[in-house]
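Right, one structure below, let's go through it.
The values are calculated or read from the model by the stated rules, or taken from the named source; none is laboratory data. Please read these numbers as outputs of a predicted model, since none were measured by experiment. Heads up, the Cβs are rebuilt from the backbone with ideal geometry, glycines too, and the neighbour counts pull from every protein chain shown. All accessible areas refer to the heavy atoms of the entire protein, side chains included, with ligands and DNA or RNA removed. Shrake-Rupley method; radii C 1.70, N 1.55, O 1.52, S 1.80 Å.
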Amino acid sequence: MLSERVVNEINQIQKRYLDARACLLPALYVVQREHGWISPDALEAVGDLLNVPKATVKGVSTFYSMFRHRPIGRHVIQLCTNVACMIMGAERLVDILRSRYGIEPNSTTDDGRFSLVIMECIGACGTAPAMLVDSDFYDNLTEENVIEILERYK
Amino acid sequence: MERFLLKNIDRSDLTDMDEYIKFGGYSAILKALEMKPSDIIDEVKRSGLRGRGGAGFPTGMKWSFAAADPKKPKYLICNADEGEPGTFKDKPILEKNPHLLIEGMIISGYALQAEYGYIYLRGEYPKAKDILEKAIKQAYNRGYLGDNIHGKEVNFHLYVHQGAGAYICGEETALIESLEGKRGQPKIKPPFPVNEGFLSKPTVVNNVETLANIPYIIEIGAEAYSKIGSPECPGPKLFSVSGNVKNPGVYELPMGTTLREIIYTHCGGIRDDKKLKAVIPGGISTPILTPDKIDCPMDFVNMPKYGSMLGSGAVMVFDETVDLAKICLRAMKFFEHESCGKCTPCREGIGWMRAILERICSGSGMAGDIELLIEVSKNIAGKTFCPLGDGAAVVVQSFINNFRQEFEQHISKEFSKEIKVAA
Ligand code: SF4
Ligand code: FES
């Protein structure tokens, strides 16, 4: 299930801790980066690798909002709508994405191009509103530039 | 005031170790390595430094508890999980001055005789992860990290550990659980992490800004340091300002600077010269203040006297056009989303408050809703396992106490509509 490269990387990271389980979150990150999401099989494989029961791995991974347990679009838009972003117009941006790409919060476009996730604060309140597209960060978003930015992601 | 934490960050690329050293970096560590670990702890105690994460606990005291515990190994964890809405004060250090944090951690690690350090970084800062990892690698290559640092019998290993999107992991026991590969839920104290923390070993958890102050204390000495800021809470403080001000951003100012000075002198006043309606002084979980309170000095001691808290120093400013009932609703959605689910008053109560606020804001509010909100909040406050639930309750109470008419307007608007329909 996990490629040799992934297993090697996880084994490498494991050396940073005196306890294998401490490597669980980093390991899940590696898997997610590789596959885009964390499938039930991947959960099991990570559990086997770190000697942690599958149910535990699932319990842990579902606790954190950045791990995905369903296949996801090619690009993930993580848009903050918390207070600072809200007063700078973030909710309007959600409307714009809805009308432009036909996408609802926490869903994926039919063509699989974008998934939209509503974020709690991403630490860009001073330059709000802000979003992450995959792991690229954008702030000072406006009704005009948001589409312009997203059009770079095919 | 001369800046220290943000010194030169706009002038130079301090993520490069050579640049950082050119401006005097890594000199405090050389000084510290000539001192005894216990002397460093005493120096930090004398400086009066209080933790910058929100609680304001004296740093030197926390250190001495962990140092006194004979169990080994000891751990130093940097809490870089700033997830409190409004807070982005640590970001400039993480992204633009990483070596300052690393230097602070090496000195702190030496003082505590800790052999391992982890930077628990929030998952939402992917850029900072790359920058920190690069900087750590440089520090290893130059012999500032690893075994036998600078030829001394000092070992300190440092790693970045990425969180995965859970606000509660900013709470230190939850952070440690998360670092151990568990669900990040708070644990009962005692035992305190200084005695039984990461992997049950003595562990100090300090905020990014706290650790970034350490080189400065060593450099100028506790006495000079303690003269900065306010007497009970010395030192510089990073304030992150957002909302309706002309120049939002992160400002390094002496602890105790007033809100008025922050908003009107440093941030240029209210955007479009509108009127100030309200300020949240220390991040979304701190009680909201009315404009007549902005002369309060921003520190751990004075803020409570004005009915709020310093928190993380995240100032959120609202002008006259902002609908505060909607802000309160958005805040509650946040707390509901981030409740870890461990205890019932928080898990169920916050959802209920969110539902009532939603009803009010969508125009379906009923007479008695405000009283109900207060009632529910009282059944949460003081009855939850950790401060998250309390925070949510206090936020609702402070919004209603200070801005009740904002909620009433939503409700009565709808009433008048109903009456019209009926007539
Ligand atoms: S107060 Fe909320 S966040 Fe804290 S332990 Fe209880 S459920 Fe979890
Ligand atoms: S509120 Fe959106 S980044 Fe902080």
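A few remarks follow.
- Residue satisfying all of: in the stretch B:42-80; open to solvent by 10 Å² or more (accessible area, probe 1.4 Å), hydrophobic (A, V, I, L, M, F, W, C) and assigned to a loop (DSSP other than H, G, I, E, B); nearest to ligand 2 (Cβ to nearest atom) among these: B:A55
- Only strands (runs of 3 or more DSSP E) whose full extent lies in the stretch A:66-154 are considered here, and the ones with at least 1 residues that are of a type in the set (D, E, K, R) are A:136-138.
- Qualifying residues in the stretch A:138-149 (those that are at pLDDT 95 or above and out of contact with any Ser or Thr (no Cβ under 6 Å at 6 or more places or on another chain)) - the one surrounded by the most Cβ atoms within 10 Å (Cβ to Cβ): A:L141
- Filter pass, A:A124 being facing chain B (nearest Cβ under 9 Å), open to solvent by less than 50 Å² (accessible area, probe 1.4 Å), aliphatic (A, V, I, L, M) and more than 16 Å from ligand 1 (Cβ to nearest atom): yes
- The set of residues in the stretch B:17-40 being open to solvent by less than 50 Å² (accessible area, probe 1.4 Å) and out of contact with any Leu (no Cβ under 8 Å at 6 or more places or on another chain) consists of B:M17, B:E19, B:G24, B:Y26, B:A28, B:I29, B:A32, B:L33, B:M35, B:I40.
- Residue pairs meeting the criteria (Cβ under 9 Å; at least 6 apart or on separate chains; first free of Cβ contacts under 8 Å to residues at least 24 places away in the same chain, in the stretch B:220-236; second outside any helix (DSSP H, G or I) and open to solvent by 60 Å² or more (accessible area, probe 1.4 Å)): none
- Residue match in the stretch B:310-318 (condition: without any contact (Cβ under 8 Å) to a residue 40 or more places away in the chain, away from ligand 2 (no atom under 16 Å from the Cβ) and closer than 30 Å to B:L5 by Cα): no
- From the options B:G83, B:G170, residue that is within 21 Å of B:L199 (Cβ to Cβ), within 16 Å of ligand 2 (Cβ to nearest atom) and of a type outside the set (A, V, I, L, M, F, W, C): B:G170
- Restricting the first member to the stretch A:115-129 and to residues that are among the basic types (K, R), and the second to residues that are more than 16 Å from ligand 1 (Cβ to nearest atom) and open to solvent by less than 10 Å² (accessible area, probe 1.4 Å), no beta-carbon pair is closer than 7 Å while six or more apart or on different chains.
- Residue within the stretch A:61-82 that is over 21 Å from B:P92 (Cα atoms), more than 14 Å from every other protein chain (Cβ to nearest Cβ), over 12 Å from the mean Cα position of the chain (by Cα) and among the aromatic types (F, W, Y) present: no
- Screening the candidates B:R330, B:R354 for the property of being within 16 Å of ligand 2 (Cβ to nearest atom) and either assigned to a loop (DSSP other than H, G, I, E, B) or under 27 Å from B:Y167 (Cα atoms) (or both) yields one hit, B:R330.
- Looking across the stretch B:111-139, the residues that are of a type outside the set (D, E), touching a residue at least 24 places away in the same chain (Cβ under 8 Å), over 25 Å from B:Y167 (Cα atoms) and surrounded by fewer than 22 Cβ atoms within 10 Å (Cβ to Cβ) come down to B:Q113, B:K134, B:Q138.
- Test: residue in the stretch B:79-93 that is more than 14 Å from chain A (Cβ to nearest Cβ) and over 16 Å from B:V160 (Cβ atoms): no
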